[in-house]
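Reading through the structure tokens given below for one structure.
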Amino acid sequence: MTLATGINRLATLQDEPPAAIPGGPADPVLIVDHLTMRFGGLTAVNDLSFKVGRGDITALIGPNGAGKTTVFNCITGFYKPSEGMIRLVQKGGETYLLERLPGHDVNRLARVARTFQNIRLFPRMTVLENLLVAMHKPLMRASGFSILGILGLPAYRSAEKAGIEKAAAWLDRIGLTARADDAAGDLPYGDQRRLEIARAMCTDPVLLCLDEPAAGLNPRESSELNTLLRLIRDEYDTSVLLIEHDMSVVMQISDRIVVLDYGIKIADGTPDDIRTDTRVIAAYLGVDDEEVAAVEAEVGLTGTQA
Amino acid sequence: MATGSTTPIAATARAEASPLPGLIKDAGLFALVTLGLCVPIVSYRTDLGQGIGLVITTRWGTVLALCAAIFVLRLVQQLYLTGRARRRAARAPVVEGASRLAAILAPITLVIALTLPLLATLLTGSLGEGRYWIDLGILILTYVMLGWGLNIVVGLAGLLDLGYVAFYAVGAYSYALLSTVFGLSFWICLPLAGLFAAAFGVLLGFPVLRLRGDYLAIVTLAFGEIIRLVLINWTDFSGGAAGISSIPRVSFFGLPFTAGENGFAATFGLSFNAMHRLVFLYYLILVLALVTNLVTLRMRRLPLGRAWEALREDEIACRSLGIDTTITKLTAFALGAMFAGFAGSFFAVRQAFVSPESFNFLESAIILAIVVLGGMGSQIGVAIAAIVMIGGPELLRNLGFLKAVFGEGFDPNEYRLLLFGLAMVAMMVFRPRGLISERTPSVTIAERGR
Ligand SMILES: Nc1ncnc2c1ncn2[C@@H]1O[C@H](COP(=O)(O)OP(=O)(O)OP(=O)(O)O)[C@@H](O)[C@H]1O
Ligand SMILES: [Mg+2]
């Protein structure tokens with residue numbers, strides 16, 4: 001335990017207020033600096049720098065295989081980046097170096113939560129249990145790391161009740177109250193997506209990373225998702241970073257958009273900036289390869305791809 | 001939901017509308033393939049002729065017979081399979097019944113377990129006569145306890161542990177050594193044995209718990225064997241293959257079960273009976289087993305227990321929710337090992353003798369079989385599986401009449417493992433998820449208002 005705390009302290013930098021990159025958000029919650037991730041000979045992310053503003057919804061977009069999920073995996077501690085620094089700044093100014101934290105501490109200490117591109121619920125556990133698992137840290141403390149809980153002391157019982165209450169509130173919000181006691185794996189796809197978001201929110205995150213939350217949703221579910229994400233941004237102290245292919249979602253709700261292509265950032269700005277950016281149009285919005293090459297040559301971007 | 005239920009009905013309807021022509025066509029196809037295969041393989045046979053040359057004999061009759069046989073077999077198989085599918089569809093809601101059955105079975109089993117010495121006395125006439133049943137009860141309860149202990153590791157946390165018996169051995173030898181060398185009493189050794197076993201669990205767990213599935217199973221299997229081999233070969237410490245004998249007997253919290261002045265019987269004004277000790281041992285293991293059960297049930301409702309189950313379901317998701325997977329696995333491993341340690345020291349005090357013989361891989365396999373048959377995580381399922389797996393072979397002893405069928409030399413007991421195997425295969429075919437496969441939620445939304 002003490003060793004782990006020591007390491008965590010090492011990873012916590014109190015000083016050094018983040019230098020503002022011109023054009024970036026003024027009060028960033030996440031600062032990605034010169035991030036590079038290589039898999040053998042393949043450079044999936046190449047020297048990527050961007051910021052996520054506090055209280056914003058930031059979208060990370062790019063064609064298939066651009067390296068978006070890899071960026072998420074680096075932020076959330078699943079991959080150790082080959083190079084670069086990822087800083088998370090909490091409201092008080094406390095800073096965590098995410099690439100140095102052990103996997104689970106990215107959520108436990110730095111309070112970064114995420115969802116997965118291919119949904120990862122606990123399929124045989126009930127919907128309610130899925131949410132309670134996410135409240136592991138506070139409930140664990142309330143149960144005296146199980147010792148007091150085993151003895152059945154009332155302190156834990158009231159904490160569990162508060163946890164159920166919180167879970168129930170989230171179930172109301174995502175419209176799954178009626179299915180609270182069903183196995184999560186039995187839910188329809190769209191419900192599973194929303195449940196995964198609610199589960200991530202139950203960890204009280206500062207930053208919520210969503211990997212293609214609208215994938216496979218129908219238009220109605222997709223607009224419900226927009227409402228949910230806006231609610232998260234407006235009513236909680238949670239900033240959102242999302243990967244999305246669905247442009248109707250991205251353009252409607254994001255405050256800022258970062259565009260990746262072959263692991264390289266090709267644009268970063270407001271939705272209006274992005275809509276008119278020639279490189280984005282070339283790389284992303286459905287142009288064939290030859291045309292892309294032509295446009296890339298035009299804007300002076302040649303031979304950069306891995 | 002609506003689409004989900006209409007599809008199978010539609011499928012059955014289609015099958016019912018025209019089952020036979022389709023089946024005949026299918027069987028005919030099989031026969032045709034057989035023919036194709038038979039022509040080059042079966043239809044010509046070469047024999048040595050009179051001279052040097054070979055003589056070809058044609059065997060069209062055999063080919064025809066083979067094709068006909070395949071045709072008929074395939075037809076019968078298909079008829080059986082469609083019939084079974086239809087029967088299955090008809091009794092889909094059987095799952096509900098199983099959990100209700102478990103709800104009824106649990107209290108009945110408990111009442112029988114609580115009153116077994118009394119029942120045995122009443123049914124056989126005297127306490128002494130009931131000895132066989134009480135002994136059997138102790139044996140079964142030991143395995144119920146081991147099953148429940150391993151269930152924490154395998155059923156809840158999803159860690160396949162093939163060396164569970166090692167912790168049982170650690171517990172047994174802890175008591176055997178502490179009592180014979182240092183003269184400590186059973187009541188001090190019992191918690192110590194649990195602690196030692198848990199410590200071994202942590203010791204083993206630290207390096208190996210990062211392994212997954214098969215690798216973890218192999219390492220734990222090796223660990224079980226290592227402990228046994230150390231016990232055999234480290235003669236100075238453990239007495240080697242000869243084991244440790246004359247281990248002190250259990251006392252009634254300090255009062256020995258002897259005929260003397262200060263004995264249990266004299267103190268409580270009873271007439272001395274050697275069976276008192278056995279009955280006491282019976283209740284001891286019953287209490288130990290029930291404690292294991294109670295702790296497991298409590299743990300399931302605690303965040304740590306929920307994290308175990310979550311870990312079994314998806315380790316990566318757990319990590320993304322801030323759960324330290326290593327510590328969480330270690331706690332499951334240590335807690336499971338602790339209960340094995342308790343059971344081990346009980347084993348030592350009951351037998352008054354331990355040797356490495358009792359802790360071989362077969363024991364681990366039996367305990368694991370109990371957990372798997374019981375339904376990975378279901379407490380009552382594990383108890384029933386232990387009764388069947390341990391009590392079942394005892395029935396074999398009473399099947400003397402089989403000697404009349406198979407001859408004098410026939411000993412049904414020797415077929416124990418064969419029957420285990422058959423039972424396992426049958427289970428995997430008919431109830432692949434165990435006797436009680438539904439999971440009871442650890443918490444329900446109804447508790448919101450409470
Ligand atoms: N663990 C890994 N090992 C090797 N290569 C990897 C690994 N993870 C990702 N890659 C490679 O990195 C590149 C980027 O993959 P990534 O999953 O980040 O793309 P993405 O932008 O999320 O794409 P999509 O929109 O399809 O989800 C791909 O070429 C992929 O094959
Ligand atoms: Mg991806």
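The values are calculated or read from the model by the stated rules, or taken from the named source; none is laboratory data. Since the model is a prediction, treat every value here as computed from it, not as a measurement. We place every Cβ from the backbone using ideal geometry, glycine too, and count neighbours over all the protein chains shown. The protein model used for the area step is the full one, side chains on, heavy atoms only, and it has no ligands, DNA or RNA in it. Shrake-Rupley method; radii C 1.70, N 1.55, O 1.52, S 1.80 Å.
Structural remarks
- Kyte-Doolittle mean at least -1.0 and Cα axial length at least 27 Å: DSSP H helices in chain B: B:19-41, B:60-90, B:94-124, B:131-151, B:186-208, B:213-233, B:275-301, B:325-351
- Overall form of the range A:58-142 per C-alpha gyration tensor (a/c, 1.5; a/b vs b/c): oblate
- Highest mean first, the peptides B:240-250, B:143-153 sorted by other C-beta atoms within 10 Å per residue fall in the order B:143-153, B:240-250.
- DSSP beta bridge pairing in the protein assembly as shown, given as percent antiparallel to the nearest 5: 65
- Structural descriptor for chain B: relative contact order 22 percent, calculated from alpha carbon pairs under 8 angstrom and at least 6 residues apart.
- Point-to-point label distance, B:ALA446-B:LEU270, nm (Cα→Cβ direction, 7 Å offset): 4.2
- Helix-only CD estimate at 222 nm, as mean residue ellipticity for chain B, using -39500 (n - 2.57) per DSSP H run (n ≥ 4): -23000 deg cm²/dmol
- Summed buried accessible area for B+A [probe radius 1.4 Å, Å², rounded to 100]: 3600
- Choice from B:PHE182, B:PHE167, B:PHE420 with maximal GNM fluctuation in chain B (Cα, 10 Å cutoff): B:PHE182
- Rounded accessible area of A:VAL258 (nearest 10 Å², 1.4 Å probe): 0
- Averaged over A:173-185, number of beta-carbon atoms from partner chains that fall within 10 Å: 2
- For the residues of A:106-114, the average number of beta carbons from a partner chain within 10 Å of their own beta carbon is 3.
- Residue-averaged beta-carbon neighbours from other chains (10 angstrom radius) around A:120-130: 6
- Straight-line cross-link reach from A:LYS161 at under 14 Å between alpha-carbon atoms covers these aspartates and glutamates, not counting any fewer than eight positions away in the same chain: A:GLU129, B:GLU447.
- Accessible area, probe 1.4 Å, largest first, for residues B:THR440, A:THR238: B:THR440, A:THR238
- Computing Rg and the Kirkwood Rh from the Cα coordinates of chain B gives a ratio, Rg/Rh, of 1.11.
- Within a straight-line Cα-Cα reach of under 17 Å, B:LYS329 can be paired with the following lysines, leaving aside sequence neighbours fewer than 8 residues apart in one chain: A:LYS137.
- Qualifying lysines (Cα of each under 27 Å from Cα of A:LYS68; at least 8 residues distant if same chain): A:LYS51, A:LYS80, A:LYS91, A:LYS265
- Compared with the alpha-carbon gap, the fully stretched path from B:PHE253 to B:ILE104 is longer by 50.1 nm at 0.36 nm per residue.
- Mean-position separation - Cα centroids, the range B:219-251 and the range B:104-123, in angstrom: 35
- The distance from the alpha carbon centre of the range B:294-319 to that of the range A:102-122 is 17 Å, rounded to a whole number.
- Shown are B:THR326, A:THR278, whose ranking by accessible area with a 1.4 Å probe and every protein chain present, most to least, is A:THR278, B:THR326.
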